[in-house]
Amino acid sequence: MRSIGVLLIGLAMLAAAPASAQTFGPPVAGLCLLSRAGAISASRAGQSLQAQLRQMQASLNADLAQRRASIDQQRRLLEAQQGVIAPIEFQRQLAGLNQQAQTLDQQQNARFIAAQTRGQQQVDRTLNDALSRIITRNACGVVIERDNAYGWNNAMDITPATAREMDGVLQAVTIQ
């Protein structure tokens, strides 16, 4: 039983480790591989962006829930008066409340998308700055997206160096 637990822990560690491709032959001079997503997620700027977006999403969700609760309360009050007011007036007021709820959702989504776009632009500029330095330093004649390769020689992978270079350019993203 204990060996199964050790085996499961070992398998979990392997699953959590970043996947590396089988090494194929010697490195090819001038050919570099980059995982754009890997570089961004390994960089402090990318991690900062994700953390801030999670925090903003939670804040927006809380604000949206509070505002929607108010609209729902108004809707319940209106429904309680349904028999007292004219049907056309009931429909008009109900449509107005539904429009308020829809507008609120759209505004919150627009705020999040705008913040996400501003943050991603900062990360993209940082990636481009870092990547141009790494490409020059490694004399890359061709840069290929690593995530689409079946295997490679790790000496051609510039992803870790790009993430470190990004850390030197930008530590944290500001999305507000």
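Is at least one residue of segment 148-155 in a helix (DSSP H, G or I) and of a type in the set (Gly, Ala, Ser)? Among the residues of segment 148-155, at least one is in a helix (DSSP H, G or I) and of a type in the set (Gly, Ala, Ser), which makes the answer yes. Does Arg146 fit the bill of being out of contact with any His (no Cβ under 6 Å at 6 or more places or on another chain), of a type in the set (Lys, Arg) and surrounded by 13 or more Cβ atoms within 10 Å (Cβ to Cβ)? Judged against the criteria, Arg146 is a match.
Rundown of residues vs (1) open to solvent by 20 Å² or more (accessible area, probe 1.4 Å); (2) touching a residue at least 24 places away in the same chain (Cβ under 8 Å), yes/no style:
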residue: Gln100; (1), (2): yes, yes
residue: Thr103; (1), (2): yes, no
residue: Ala110; (1), (2): yes, no
residue: Ala114; (1), (2): yes, no
residue: Asp129; (1), (2): yes, yes
residue: Ile175; (1), (2): no, yes
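The values are calculated or read from the model by the stated rules, or taken from the named source; none is laboratory data. Only a predicted model underlies this, so the values are computations on that prediction, with no experimental measurement involved. Here Cβ is always computed from backbone atoms with ideal geometry, including for glycine, and neighbour counts include all displayed protein chains. Keep in mind that these areas ignore ligands, DNA and RNA; they rest on the heavy atoms of the full protein, side chains included. Shrake-Rupley method; radii C 1.70, N 1.55, O 1.52, S 1.80 Å.
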